[in-house]
Amino acid sequence: MWTWPVRIFAIPMIRGEFWVALAIWVALAAAATPCDARDLSLTEAEKLLAAHNRELRAARRSVESAQAQRLVAAARPNPTFSINSSEINRNPGIGAGPLGQKHIDTVFRIDQPFERGDKRELRLDAASGLQKAAENDSLEVLRQQLAALRAAYFDLKQVQEKALVLADTAQLFTGTLAAAQARLKAGDLAPADVAKVQVDYERAQNEARAVRAELVRAQFALGYMIGADAGAGELRATDPWPAAERADPAALEQAIEARPDVLAAQARVEAAEKQRDLAKAQRTRDFTIGAQFERFPGSVPVNSIGFGVAFPLFTGYDFSGDIQKAEVDRYAALDALERARALAGIELRRAASDLNAAAERLERYETSLLGAAGRSAQAAEFAFLRGAISVLEVLDARRTLRAVQLESVMARADYAKALAAWRASLSTAQQLGGR
């Protein structure tokens, strides 16, 4: 947390009202920073996300499924073993004696299919491409979740800073109300002016308490992403705001082809090409070789062996539909690759524009607006203490300072989130794979 570059003068309070103001200040500070808060750095949050994020788990399951599918693609055709008995007749019967001497013609046969046309290799190549696509999809989910995590982290930090600003404002209005009531008793201030101070005091108290609900929402949003739902109400962002930097235009085009979403689309194109080749390979006839042993234990036992070969005749279907569908799927994969490249380029350019705009806005607040609002508030407080301006003018100066302080917090948060989005858009599959 950075400190505000200005400090306004405290307004004198009578003794009893000082302790009332102090008690309110302590209560507001306790609400803004729970005593059982769990300090969380961004680095620690990223490690927790990698270990417990539900979306990442689902993406990893898809990778495991693709790995299993590759095992399926590598399988060779299994042989078939069969036993067939015939010549079973009631008249004259199957004869006496044990089973091996019955008059039953029994054939033992084994058939082994053989694939041709490199079908197994093509299946393996297609499955490997889909596995590579699933792995890059998983890295893309990681990229998106890291960007969302950083945004949620800085949302929480923004609410924490907002709570401090509003607590400080509430404490100052408490002092102003106490001073106004003292001047009312002394006959130095009109009741109408005290009522106006009372209105601002009540509004400041309400805003300071309402920010607690925002804090809880931000904590639970971050807690869900890191799998800490049960203890989300204790989370507190501790990292400082990131240092200012601008987007590098030269990095845009270089990053597109290395992003995981583009690599996943490219892998699907390669897999679709192998699927097309596999569909064409269906026109290469497979064949099945069979061997059999026939036994007939009649009065004159006869045993024989035999061999056979079988292959399909493409008289009804020549796989034209499969080939056409595979070709269409290939073109669809090419379209998806083009779309992925276009979306990646748009995301990179938008992130660069947002980062530069947020950096300029933050610079204006830090170099001029915040300081000017602070000096204006100081001058108003100084003049009010000496009776040079009315209470309405000092209240207006305070409102302006509070608004600028809150806008400054928002500007820092917007810049931090824009920087996180820019870095996420530049993340390559190689960088994400090393996490």
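The values are calculated or read from the model by the stated rules, or taken from the named source; none is laboratory data. None of these values were measured; they are calculated from a predicted model. As a convention, Cβ positions derive from the backbone with ideal geometry for all residues, glycine included, and neighbour counts pool all protein chains shown.
With respect to Arg276, is the statement that it is in contact (Cβ under 8 Å) with a residue 24 or more places away in the chain, part of a loop (DSSP other than H, G, I, E, B), over 23 Å from Gln144 (Cα atoms) and not aliphatic (A, V, I, L, M) true?
No.
Among the listed residues Leu362, Leu401, identify the single one that is closer than 23 Å to Ala180 by Cβ, in a helix (DSSP H, G or I) and of a type in the set (A, V, I, L, M).
The unique qualifying residue is Leu401.
Do we find a residue being charged (D, E, K, R), within 28 Å of Glu46 (Cα to Cα) and out of contact with any Ser or Thr (no Cβ under 9 Å at 6 or more places or on another chain) anywhere in region 187-209?
Looking through region 187-209, none of the residues is charged (D, E, K, R), within 28 Å of Glu46 (Cα to Cα) and out of contact with any Ser or Thr (no Cβ under 9 Å at 6 or more places or on another chain).
Counting just the residues of region 253-306 that are among the acidic types (Asp, Glu) and more than 30 Å from Ala326 (Cα to Cα), which one comes out surrounded by the fewest Cβ atoms within 10 Å (Cβ to Cβ)?
Per the stated criteria, the residue is Glu253.
Would you mind stating whether Gln275 is at pLDDT 90 or above and either over 24 Å from Leu156 (Cα atoms) or not small (Gly, Ala, Ser) (or both)?
yes
Pull up region 169-202, narrow it to residues that are of a type in the set (D, E, K, R), without any contact (Cβ under 8 Å) to a residue 12 or more places away in the chain and part of a helix (DSSP H, G or I), then point me to the one that is nearest to Ser427 (Cα to Cα).
Glu202
Taking region 199-243, which residues are of a type outside the set (A, V, I, L, M) and over 21 Å from Val165 (Cβ atoms)?
Within region 199-243, Phe220, Gly223, Tyr224, Gly227, Asp229, Gly231, Gly233, Glu234 qualify.
What pairs come out if I take residues in region 366-395 that are touching a residue at least 12 places away in the same chain (Cβ under 8 Å) and assigned to a loop (DSSP other than H, G, I, E, B) and pair them with residues that are of a type in the set (Asp, Glu) and surrounded by 15 or more Cβ atoms within 10 Å (Cβ to Cβ) whose C-beta lies under 9 Å away, six or more apart or interchain?
The qualifying pairs are Ser390/Asp193.
With the checklist (1) in contact with a helix residue (DSSP H, G or I) (Cβ under 8 Å, 6 or more places away or on another chain); (2) closer than 23 Å to Ser408 by Cβ; (3) surrounded by fewer than 18 Cβ atoms within 10 Å (Cβ to Cβ) in hand, flag the one item Ala213 doesn't pass.
All conditions pass for Ala213, except number (1).
Mind checking whether some residue in region 231-241 is under 40 Å from the mean Cα position of the chain (by Cα), surrounded by fewer than 15 Cβ atoms within 10 Å (Cβ to Cβ) and among the basic types (Lys, Arg)?
no
Just the residues that are under 17 Å from Thr169 (Cβ atoms) and either at pLDDT below 80 or in contact with a strand residue (DSSP E or B) (Cβ under 7 Å, 6 or more places away or on another chain) (or both), please, taken from region 374-391.
Glu381, Phe384, Val391
Scan region 235-257 and report the pairs whose first residue is in contact (Cβ under 8 Å) with a residue 12 or more places away in the chain and aromatic (Phe, Trp, Tyr) and whose second residue is surrounded by 15 or more Cβ atoms within 10 Å (Cβ to Cβ) and part of a helix (DSSP H, G or I), with Cβ atoms within less than 7 Å and a gap of 6+ or a chain change.
Close Cβ pairs (under 7 Å, with a partner that is surrounded by 15 or more Cβ atoms within 10 Å (Cβ to Cβ) and part of a helix (DSSP H, G or I)) amount to Trp241/Arg412; Trp241/Ala416.
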